[in-house]
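Reviewing the structure listed below.
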Amino acid sequence: MPKETLSPAECRDMMLAVADAIIAAEPVLTDADRALGDGDHGIGMSRGMNAVKDKLAGQEFESVEKVFTTMGMAMMSSMGGASGAVFGTLFRAGGKALTGAESFGSRELAAFFTAASEGVQTRGGAKVGDKTMVDSLAPAAEKAVAVAESGLPEAIAAVADAAESGKEASKDMIATMGRAKTLGEKTLGHPDAGAVSVTIILSAMRDYIVAA
Ligand code: ADP
Ligand code: MG
């Protein structure tokens, strides 16, 4: 049965599924970063998600906020590099926006991704069009606000689609941030590696919510 709201324990299980999806996609992320950067994105994300599993698996959480902030801090302290700060901030800032929320539904989804997108852009300075994970995250956040009054399964499906479209759009962008900027026009045709990670995170969330 699709879920309309998630308890803290269900959020934890959803994020453990996200961690497994990223770990399984390590070779895909490595290839994506090799085309544009130094090829370490898969290893970094996988290391971060193993740290997340260590902190979440078998633990009880008193709030949905704590699940996501714990995840963000585990990523920040284990990954290093640009993406440790960026993806750690995504989960930490998103989680903080859920203070006081008793469960995770479509309104919380909107609050989470709005704060995550703002937090990442404030922290990293990248805007839409710079060919970073922001190109997937920002449209996902906009869509989450647009569908905040829908049911959670419908909302997460729309948000995952928006992230995927943003990732595809990043193929037509010339990198201006991070390592890839030195490659300039050579980055055309390849999606940003971090945007690929965002789509994997969101499709794993969708699969958990729709199928669970
Ligand atoms: P590094 O750049 O240190 O090698 P990774 O390869 O793990 O780190 O991650 C690269 C990804 O991080 C990029 O594909 C991009 O999506 C994201 N990224 C890098 N810098 C920024 C930034 N300033 N803002 C948002 N995302 C960024
Ligand atoms: Mg890299």
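What the table shows:
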read-out	value
Under DSSP loop assignment and at most 10 Cβ neighbours within 10 Å, longest GluC sites (Glu not before Pro)-free interval of the chain	63-148
Chymotrypsin sites (Phe, Trp or Tyr not before Pro) restricted to DSSP loop in region 78-173 with at most 16 other C-beta within 10 Å	none
Per residue, the convex hull volume that the Cα atoms of the chain enclose (Å³)	94
5 angstrom amide H check on residue 6, placed H, neighbours 5+ away	104, 105
Links that overshoot a 26 Å alpha carbon limit, given the list 127/186; 143/171; 53/171	53/171
Simple label model, 7 Å out from Cα along Cβ direction - residue 31 to residue 154, nm	3.6
Karplus 3J(HN,Hα) series, Hz, for region 7-24 with 6.51 cos²θ - 1.76 cosθ + 1.60 (x for Gly, Pro)	6, x, 5, 6, 4, 4, 5, 4, 6, 5, 5, 4, 4, 5, 5, 5, 4, 5
Heavy-atom accessible surface of region 41-121: percent carbon and sulfur, 1.4 Å	49
Cα→Cβ-extended label distance, 7 Å offset, between residue 99 and residue 20, nm	3.4
Summed side-chain charge close to residue 130 - residues other than residue 130 whose Cβ falls under 15 Å, Lys, Arg +1, Asp, Glu -1	+3
Heavy-atom accessible area order for 1, 133, largest first, 1.4 Å probe	1, 133
Charge dipole (debye, nearest 20) of the chain; +1 at Cβ of Lys and Arg, -1 at Cβ of Asp and Glu	560
Positive-end residue, region 1-97 charge dipole about Cα centroid, Cβ charges, pick of 28, 68, 49	68
Rounded accessible area per residue of region 8-211, 1.4 Å, Å²	41
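The values are calculated or read from the model by the stated rules, or taken from the named source; none is laboratory data. Not measured: the values here are computed from a predicted model. FYI the Cβ positions are ideal-geometry reconstructions off the backbone, even for glycines, and counts take in every protein chain you see. Accessible surface is based on the protein model in full, side chains and every heavy atom, while ligands, DNA and RNA are left aside. Shrake-Rupley method; radii C 1.70, N 1.55, O 1.52, S 1.80 Å.
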